[in-house]
Amino acid sequence: MAPETLKAHRPADGPDTVVEVAGVRFGAGGFPVIAGPCAVEGEHQMMTAAEIVREGGASMLRGGAFKPRTSPYSFQGLGAEGLRLLERAGKAAGLPTVTEVLDPADVGLVAEHVDMLQVGARNMQNFRLLQAVGRSERPVLLKRGPAATVEEWLLAAEYVLDQGNPRVVLCERGIRSFETSTRNTLDLASVAVVKALSHLPVVVDPSHAAGRRDLVLPLGLAGLGVGADGLMVEVHPRPDEALSDGPQQLDRDQFLRLMEALGVGRIREAVDQVDRELVRLLARRLELALSIGRVKAGRGQPVRAPEREEEILAGARAEAERLGLDADFAEEVFELVLRHSRSLQEARRQAL
Ligand code: PEP
Ligand code: MN
C-alpha cells in the first residue's frame with residue numbers, strides 16, 4: 001500500500017486529528033499533562049498522588065497496574081486491584097485515567113476501569129495487542145518502541161486505526177542510543193517529524209526518556225517547544241520509596257515547579273503573540289498618520305489638529321471602558337502615540 005494511503009498519514013493539507021479523552025483534548029492546540037505514579041502501589045499512595053496531580057493542574061491521571069518489568073523478580077503491579085484503586089483515585093480527583101494493558105485478553109477488563117488504554121514501549125509491535133485495543137471503544141496512548149523508527153511507530157498506529165479505532169495519541173518516550181548519561185535518548189526531532197507526517201497528536205514522556213528527575217523539567221519544556229500536544233510525567237508522593245522507577249519520579253514540589261514552568265511558558269507565548277501584533281498595529285497606524293501628514297502639507301494645513309486629537313482620546317477612553325481597561329491608562333498610551341506621530345510628521349515636513 002502506498003504510504004499516502006495509510007490512515008495514520010496526513011493527507012496533503014489535511015487537518016490535525018483531535019483526540020478527546022473524557023473531555024481532555026489532545027491535538028487541539030492545548031498542552032494537556034498526564035501525570036501520576038509509575039505503578040499503583042496501594043490506596044494511600046494512589047490517593048495522595050492523585051491529589052498532587054490535581055493540585056498541579058494536570059489533565060489526566062496515570063498509574064500502572066500491569067507493569068512490564070525487565071526482571072521477572074521486580075514488582076509486577078497490583079493487577080486488577082490496581083485498576084480499581086486507579087479508578088477510585090481518578091474519580092476522587094475528578095481526573096480521567098490512563099493505564100497500560102499488557103495482554104490482549106485484559107483489554108476488556110482494563111477498559112472497564114480507565115478512560116484510555118496505554119500500549120507500552122515494549123509492546124509497540126505486539127500486533128495482536130494493537131488489534132485488540134483497535135477493537136476497543138477506548139482511546140489509545142501508543143508509546144514508541146525503544147528501537148522503533150518513526151515509520152514503524154506509525155505503522156503500529158495503523159494497526160489500531162485499521163480496526164476502526166480512530167482515537168490514537170502517540171507518545172515519544174526515548175529510544176536506545178549509544179548515550180548512557182540518560183536512560184533513553186529523548187528523540188525530540190521525532191515529534192516534529194511525526195507532526196509533519198501524521199495528523200495524530202503526539203505527547204512527550206520525559207520521565208522514561210531521562211530516567212532522572214532533574215531532567216524532567218527541561219525536557220518537558222523542550223517537548224512544549226518542539227510542538228508536542230502534551231506531556232506524560234511520573235509523580236510519586238515519596239519517590240524514594242517507589243516500587244519502580246524511583247529515580248525519575250517527581251515529588252509534589254518538583255511537579256508543581258514543572259507545572260508552573262509549563263504554564264508561564266505557554267502564557268508567555270500568548271503574550272509574545274499579542275506584543276508582535278501590537279507593534280505591527282503601531283507601525284500601521286504611523287504609516288497612515290504619515291499619509292495624512294503628506295496631504296495636510298500639500299494643503300498648507302498645520303500638523304496639529306486639536307479637535308481631532310480630542311476625538312481620538314475620547315474614543316480610546318470609551319473603547320477601554322467597554323473592555324474593562326483603565327481609561328486613564330488607555331488615554332496615556334494614545335497621548336504617547338499621538339505625540340510620536342506629530343513629531344514624525346513635523347520632521348517629514350522640515351525635510352521637504
Ligand atoms: C509506563 O509508562 O508506565 C512505561 C512502562 O513506559 P514505557 O512503556 O515507555 O517504558
Ligand atoms: Mn515507569
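See the values below:
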quantity	calculated
Qualifying residue in the range 170-180 (condition: open to solvent by 50 Å² or more (accessible area, probe 1.4 Å), closer than 24 Å to R25 by Cβ and either of a type in the set (V, I, T) or in contact with a strand residue (DSSP E or B) (Cβ under 6 Å, 6 or more places away or on another chain) (or both))	no
L200 being part of a loop (DSSP other than H, G, I, E, B), away from ligand 2 (no atom under 16 Å from the Cβ) and open to solvent by less than 10 Å² (accessible area, probe 1.4 Å)	yes
Pair list, Cβ < 8 Å and 6+ apart or interchain, from the range 16-27 residues that are closer than 19 Å to V194 by Cβ to residues that are aromatic (F, W, Y) and assigned to a strand (DSSP E or B)	V18/F26; V19/F26
Residues of the range 325-345 satisfying the condition of being among the hydrophobic types (A, V, I, L, M, F, W, C), under 14 Å from R285 (Cα atoms), modelled with pLDDT of 95 or more and open to solvent by 30 Å² or more (accessible area, probe 1.4 Å)	V333, F334, L336
Residue check, G90 of a type in the set (G, A, S) and in a loop (DSSP other than H, G, I, E, B)	no
Total residues in the range 60-74, condition near ligand 2 (Cβ under 10 Å from one of its atoms), in contact (Cβ under 8 Å) with a residue 60 or more places away in the chain and assigned to a loop (DSSP other than H, G, I, E, B)	2
Qualifying residue in the range 77-86 (condition: in contact with a Gly (Cβ under 6 Å, 6 or more places away or on another chain) and on the phi > 0 side of the Ramachandran plot)	yes
From L95, L141, L102, residue being within 16 Å of ligand 2 (Cβ to nearest atom), in a loop (DSSP other than H, G, I, E, B) and either of a type outside the set (F, W, Y) or surrounded by 24 or more Cβ atoms within 10 Å (Cβ to Cβ) (or both)	L102
Near pairs, Cβ below 7 angstrom, 6+ apart or cross-chain, from the range 158-176 (closer than 25 Å to A209 by Cβ) to any residue that is hydroxyl-bearing (S, T, Y) and part of a strand (DSSP E or B)	G174/T185; I175/T185
Any hit, the range 120-136, residues being in a strand (DSSP E or B) and more than 16 Å from ligand 2 (Cβ to nearest atom)	no
Extreme residue, farthest from G57 (Cα to Cα), among residues of the range 227-249 that are touching a strand residue (DSSP E or B) at 6+ places or on another chain (Cβ under 8 Å) and more than 14 Å from ligand 2 (Cβ to nearest atom)	A228
Count of the range 1-59 residues which are under 14 Å from the mean Cα position of the chain (by Cα) and of a type in the set (K, R)	1
So G211, is it in contact with a helix residue (DSSP H, G or I) (Cβ under 8 Å, 6 or more places away or on another chain), of a type in the set (G, A, S), within 12 Å of ligand 1 (Cβ to nearest atom) and free of Cβ contacts under 8 Å to residues at least 40 places away in the same chain	yes
Residue match in the range 214-236 (condition: over 16 Å from the mean Cα position of the chain (by Cα) and closer than 20 Å to N123 by Cβ)	no
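The values are calculated or read from the model by the stated rules, or taken from the named source; none is laboratory data. Not measured: the values here are computed from a predicted model. No Cβ is skipped: glycine too gets one built from the backbone with ideal geometry, and neighbour counts run over all protein chains shown. Side chains included, ligands, DNA and RNA excluded: accessible areas come from the protein's heavy atoms. Shrake-Rupley method; radii C 1.70, N 1.55, O 1.52, S 1.80 Å.
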